Amino acid sequence: MQLEKPTAQLLGRFQTFHKGHEALARNAIETVGQVVIMVRTLETSTSTTYNFDEIKGFIDNAMKSEFEGRYMVMQVPNITAVHYGRDVGYSIDKIELGAELESISATQLRSVK
């Protein structure tokens, strides 16, 4: 990934990295060129069962063959708010993926593992 190039950012728990997350990452790459996927660090609980290395493995499994060099996965602190001031040089965009993808529940997916 080229650090000076325009980059989209996804922030989440990704417990697990499912088709909805993959669609967001693909959209980011298609519209911006590359994406950084930021995995929040949380304590293990019933809703946080996978550690960073497992999540990175899920992401690489889904993305590497097609998008190697166009995404980066990084572990970040438990970010719970994003603050910004006036014109900061980036936008915050909500991507509509449609009901089928937006209805995917990682909680439900984890219950069948």
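Here are the numbers for this structure:
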read-out: Cβ charges +1 (Lys, Arg) and -1 (Asp, Glu), total dipole of the chain, debye; value: 180
read-out: Qualifying GluC sites (Glu not before Pro) for the stretch 1-104 [loop in DSSP, other Cβ within 10 Å: at most 11]; value: Glu4, Glu43, Glu68, Glu96
read-out: Aspartates and glutamates whose Cα lies under 19 Å from that of Lys64, excluding same-chain neighbours fewer than 8 positions away; value: Glu22, Glu30, Asp53, Glu54
read-out: Principal axes of the stretch 1-90: Cα extent on each, largest first, Å; value: 38, 36, 21
read-out: Approximate spin-label separation Thr46-Thr31, in nm, with each point projected 7 Å along Cα-to-Cβ; value: 3.5
read-out: Rounded FRET efficiency, nearest 0.05, which uses the C-beta distance separating Leu3 from Asp93 and R0 of 25 Å; value: 0.75
read-out: Low-density loop cleavage sites - trypsin sites (Lys or Arg not before Pro) in the stretch 62-92, where at most 13 other Cβ are within 10 Å (DSSP); value: Arg86
read-out: Accessible area of the chain divided out per residue, in Å², using a probe of 1.4 angstrom; value: 68
read-out: Accessible surface ranking that places the most exposed of Val88, Val35, Val73 first, with a 1.4 angstrom probe; value: Val88, Val73, Val35
read-out: Distant-in-sequence amide H partners of Gln34 (H built 1.01 Å from N, under 5 Å); value: Ala8
read-out: Contour minus Cα-Cα distance for Thr16 and Ser65 (0.36 nm per residue); value: 15.8 nm
read-out: Which of Met72, Phe52, Val36, positive extreme of dipole for the chain (C-beta unit charges); value: Phe52
read-out: Residues whose placed amide H lies under 5 Å from that of Val73, excluding near-sequence neighbours; value: Ile37
read-out: In sequence order, calculated HN-Hα J values of the stretch 64-72 (Karplus, 6.51, -1.76, 1.60; Hz; x Gly/Pro); value: 4, 4, 9, 10, 3, x, 10, 8, 9
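The values are calculated or read from the model by the stated rules, or taken from the named source; none is laboratory data. In this text, all values refer to a predicted model and were calculated from it rather than measured experimentally. Please note: Cβ atoms are built from the backbone with ideal geometry, for glycine as well, and neighbour counts cover all protein chains shown. Only protein heavy atoms, including side chains, enter the accessible area calculation; ligands, DNA and RNA are left aside. Shrake-Rupley method; radii C 1.70, N 1.55, O 1.52, S 1.80 Å.
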